[in-house]
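*Asks:* Below: one structure in structure tokens.
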Number of protein chains: 2
Amino acid sequence: MSYGTEQLAARLKAAREAKGLSQRELSALAGVPQSHISKIENNAVDLRVSSLSSIAHALDLELMLVPRKALPAVQSITRSVASAPIINAATQRELDRIRETVNALASHVSGANIDDLQRRIREITQIQSQIDPEILQKVRRTIESIESSGSNEAVNQAVENIRSLRNQLAHRAASHESPRAPRPAYRLEEDQDG
Amino acid sequence: MSYGTEQLAARLKAAREAKGLSQRELSALAGVPQSHISKIENNAVDLRVSSLSSIAHALDLELMLVPRKALPAVQSITRSVASAPIINAATQRELDRIRETVNALASHVSGANIDDLQRRIREITQIQSQIDPEILQKVRRTIESIESSGSNEAVNQAVENIRSLRNQLAHRAASHESPRAPRPAYRLEEDQDG
DNA sequence: ACATATGATATAGAAAAGTAGATCAAATGA
DNA sequence: TCATTTGATCTACTTTTCTATATCATATGT
């Protein structure tokens, strides 16, 4: 979490995605062209401090110079704060269980779509919005059902479900900023098991 | 301690001076021209991240992006670590007493050379080498003697003494890297009181 | 199917950093 | 007094960011 120029790119991208912003949205907020943001995230430029500062600022990040000796402590704090925004313990717990489930699945079933699945899960984890734990529970059951069926299509189904959830979350965050819609009309459970 | 591009300059300069490095020495360490370092410290350029990173690295600093929420905690840690390197308690205690003495003096005597004196004290404090507490004790007595005499020249004398001490420390750190010469041949006590 | 949003790229031009070198005044040590 | 060091400043040249647009394939929502 200290940066060679390479890690910076990933860090900024992660921060942007965690806030559910598109490159163009961030572009507007930071006053930096989208094309430039793309290059930055792909580590294709050695950007100037003013640019970095603008972008970081738009992402609620602050640029700091930390003494080497203080690094571990600072990293620890940064991590704990970064993981704090998860809304509640129940959601957190469900996300953990989902990760476990997927990892277990990945250990004895492999394939490109399993990778997809894991990536999608990671995406969901990064979006720190309110996710109803019940929704996550259903997601997990969907994934668990894969093991019994073992079918490739079941995996794709799960991926599709999660992708849809992600998009709905992102859309909600973007358009109407209703931070805590009590129970959004997710539709995720239609094809749980064959 | 979070940085708009402006504060960065001061921070880097402070870090360099705290390590007793000249711009040319830092230049060699960081692989950046001295002329450029001068510009950077004078906040005359919008430098690139790679440059910042090189220089910071040479100064045992790490570039970080810290979530806004974590700022206070991180600043607190950074400060405590930054003040830690002072060698031993006795030295620390003497430095504190000197600061007190000077501040007391400054409160009822004012003038340009009093400012000088305070600045010199601050410099000494920043150089985190081994300073013999006894030396510092003598410095303090010199300063205390100013009060009784009240003469302008006594202040200048003190400033001169401290400046000399600083230079000797810096010189020792630079040339032969003997980190703990047991008792360097300071010559500070020649004109203590008239 | 259609319109939209996304991220990656390209191009061309303006602005600025970075490099290498030299000079200079002031401070310092000898 | 003399030689060195320091930091600031200048010039000339090279390299790169940064901006402003536009295009493109893909993915997504309606």
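*Asks:* Looking only at segment A:44-59, how many residues end up being open to solvent by 20 Å² or more (accessible area, probe 1.4 Å) and in contact (Cβ under 8 Å) with a residue 12 or more places away in the chain? It would help to see each step written out before you state the result.
*Replies:* Initially, segment A:44-59 is screened for residues open to solvent by 20 Å² or more (accessible area, probe 1.4 Å), giving A:44-46, A:48, A:50-51, A:53-54, A:57-58.
When the remaining residues are screened for being in contact (Cβ under 8 Å) with a residue 12 or more places away in the chain, the result is A:46, A:51, A:54, A:57-58.
Residues meeting the conditions: 5.
*Asks:* Let me spell it out: the conditions are (1) at pLDDT below 90; (2) within 14 Å of another protein chain (Cβ to nearest Cβ), and A:GLU100 meets all of them except one. Which number is the exception?
*Replies:* (2)
*Asks:* Additional query: Of all the residues that make up segment A:64-80, how many are among the hydrophobic types (A, V, I, L, M, F, W, C) and either under 22 Å from the mean Cα position of the chain (by Cα) or more than 7 Å from every other protein chain (Cβ to nearest Cβ) (or both)?
*Replies:* Residues of segment A:64-80 that are among the hydrophobic types (A, V, I, L, M, F, W, C), as a first pass: A:64-66, A:70-71, A:73-74, A:77.
Then keep just the ones that are either under 22 Å from the mean Cα position of the chain (by Cα) or more than 7 Å from every other protein chain (Cβ to nearest Cβ) (or both); that gives A:77.
Residues flagged as among the hydrophobic types (A, V, I, L, M, F, W, C) and either under 22 Å from the mean Cα position of the chain (by Cα) or more than 7 Å from every other protein chain (Cβ to nearest Cβ) (or both) within segment A:64-80 amount to 1.
*Asks:* Within segment A:44-63, how many residues are at the interface with chain B (Cβ under 7 Å from one of its Cβ atoms), within 12 Å of DNA strand C (Cβ to nearest atom) and in a helix (DSSP H, G or I)?
*Replies:* 3
*Asks:* Could you tell me which residue of segment B:12-22 is nearest to the other protein chains (Cβ to nearest Cβ), considering only residues that are part of a helix (DSSP H, G or I) and open to solvent by 50 Å² or more (accessible area, probe 1.4 Å)?
*Replies:* Within segment B:12-22, the first condition is being part of a helix (DSSP H, G or I), and the residues that meet it are B:12-18.
Among the residues that remain, those that are also open to solvent by 50 Å² or more (accessible area, probe 1.4 Å) are: B:13, B:17.
Values: B:LYS13: 12, B:GLU17: 15 Å.
That would be B:LYS13.
*Asks:* Name the single residue, out of those in segment B:27-42 being in a helix (DSSP H, G or I) and among the β-branched types (Val, Ile, Thr), that is nearest to DNA strand D (Cβ to nearest atom).
*Replies:* B:ILE37
*Asks:* Quick one: which of B:GLU6, B:GLU41, B:GLU25 is surrounded by fewer than 17 Cβ atoms within 10 Å (Cβ to Cβ), more than 26 Å from B:ALA70 (Cβ to Cβ) and either more than 9 Å from chain A (Cβ to nearest Cβ) or modelled with pLDDT of 90 or more (or both)?
*Replies:* Going through B:GLU6, B:GLU41, B:GLU25 in turn, the sole match is B:GLU25.
*Asks:* Of all residues being among the hydrophobic types (A, V, I, L, M, F, W, C) and not in a helix (DSSP H, G or I) in segment A:64-80, which is surrounded by the most Cβ atoms within 10 Å (Cβ to Cβ)? Just the residue, please. I'd like the intermediate steps shown before the answer.
*Replies:* The initial filter retains those residues of segment A:64-80 that are among the hydrophobic types (A, V, I, L, M, F, W, C), namely A:64-66, A:70-71, A:73-74, A:77.
Filter once more, keeping what is not in a helix (DSSP H, G or I): A:64-66.
Working: A:MET64: 24, A:LEU65: 21, A:VAL66: 27.
Step by step, filter segment A:64-80, then rank; the result is A:VAL66.
*Asks:* State which residue is farthest from the other protein chains (Cβ to nearest Cβ) when the search covers only segment B:28-38 and only residues that are open to solvent by 50 Å² or more (accessible area, probe 1.4 Å) and more than 7 Å from DNA strand C (Cβ to nearest atom).
*Replies:* So, considering only residues that are open to solvent by 50 Å² or more (accessible area, probe 1.4 Å) and more than 7 Å from DNA strand C (Cβ to nearest atom), the one farthest from the other protein chains (Cβ to nearest Cβ) is B:ALA28.
*Asks:* Tell me the residue from B:SER54, B:SER35 that is within 24 Å of A:LEU61 (Cα to Cα) and small (Gly, Ala, Ser), please.
*Replies:* Working: B:SER35 fails: within 24 Å of A:LEU61 (Cα to Cα).
Unique residue meeting the criteria: B:SER54.
The values are calculated or read from the model by the stated rules, or taken from the named source; none is laboratory data. It should be emphasised that the depicted structure is a prediction, and the values quoted were computed from it without experimental measurement. Glycine gets a Cβ as well: all are built from the backbone with ideal geometry, and neighbour counts include every protein chain shown. Keep in mind that these areas ignore ligands, DNA and RNA; they rest on the heavy atoms of the full protein, side chains included. Shrake-Rupley method; radii C 1.70, N 1.55, O 1.52, S 1.80 Å.
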